[in-house]
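Notes to accompany the following structure.
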């Protein structure tokens, strides 16, 4: 989770230090599996047999089940949000301790610790198939202050993530804009000079 | 085994075509499915006390659910041989418990594309009866040509 800074917060110093920072390549916890796809489809009542029925999918031009496009990020990551870390590291390589987005969002200093995701953009280049092993790297491309109803000094963070398969083929890119804000009681306390 | 459905082709599509999509009821069960399906355990999406402490009136549905619904709208529409090339969206308003969320879209343009597939652009969105459009979105998809 974000590192909320107590006291003075210098957005220009944070921008100077963090914009352009890039994570090392990190591998997804597990290969692409059927059951996360089933859970994902169940959530939105998606009955697409290309995602759910191996017999059907085998007869298609894809030759087997593929992942719904937006699950590429899940399969390239830790498996849960917020990242759990902990003793189970799946297929993660030695020295890789946390998913890319976690290492950026978890370390960049912010004013508040509460999160709201705002904007997302995906581009897809190749199908993600059962058994694929995805990896990704993330760069922080912008961080700025912009007022929201809950916090006049909300801090917004923009990241760009590139997701690859085990053949080092780029399968997807994701641009994400997340805002961090303070709780109303913290904002009120600052307004009162406490 | 599921049977093959009719494949939409680029020639079938015209600018202005509407996609009526589908409706999702945000019941208590759907809220749990949201967490299961997205594996997003951030409490603002399932813990009312946590959400209210942060200044929200209610918990709200997460990015994983939102993008899964928009993605389903597209993958249902492009069919097995189509391809979702780009999708972007803005979560401007919230979908909250007891909302009825409708995923819809409209074709905004088409071009020859490349790689043997035709390109189609769409405006898509999620809306609910309480506040209207919550999630405006744009997409570019590829459709096969008619033989």
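Read-outs: derived from the displayed coordinates by stated rules, not from any lab. Since this is a predicted model, take the numbers as computed values, not measurements. Virtual Cβ from ideal backbone geometry, glycine too; neighbours counted across all protein chains shown.
Using a 10 Å cut-off around each Cβ of peptide B:69-81, what is the average number of partner chain Cβ atoms that fall inside?
5
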Using a Förster distance of 30 Å, the FRET efficiency for residue A:139-residue A:190 (Cβ separation, nearest 0.05): 0.40
25 °C / 0.890 mPa s Stokes-Einstein diffusion coefficient of the protein assembly as shown, Kirkwood radius on C-alpha pairs, µm²/s: 117
All Cα pairs of chain A, percent lying beyond 24 Å: 47
Shielding by partners - mean other protein chain Cβ count within 10 Å, residues of B:32-44: 5
Computed lengthening from residue A:22 to residue A:38, 0.36 nm per intervening residue step minus Cα-Cα distance: 2.5 nm
Rel. contact order, % - alpha carbon contacts under 8 angstrom, at least six apart, chain A: 28
Taking the C-alpha atoms of the range A:113-170, convex hull volume expressed per residue in Å³: 115
Spatial separation of Cα centroids for the range B:13-62 and the range B:100-135, in angstrom: 19
Expected 222 nm ellipticity per residue - DSSP helices of 4 or more, -39500 (n - 2.57), all of the protein assembly as shown, to 500: -6000 deg cm²/dmol
Fraction of alpha-carbon pairs over 16 Å apart in the range B:1-116 - percent: 68
Label-point separation in nm, residue B:98 to residue A:148, each point 7 Å along Cα→Cβ: 2.4
Contour excess over end-to-end distance, with Cα ends at residue B:147 and residue B:57 and 0.36 nm allotted per residue: 27.1 nm
Cut-off 17 Å, label 7 Å out along Cα→Cβ of residue B:90, residues of the range B:110-125 by amide N: B:122-125
Fluctuation leader among B:11, B:112, B:53 - chain B, Gaussian network, Cα springs under 10 angstrom: B:53
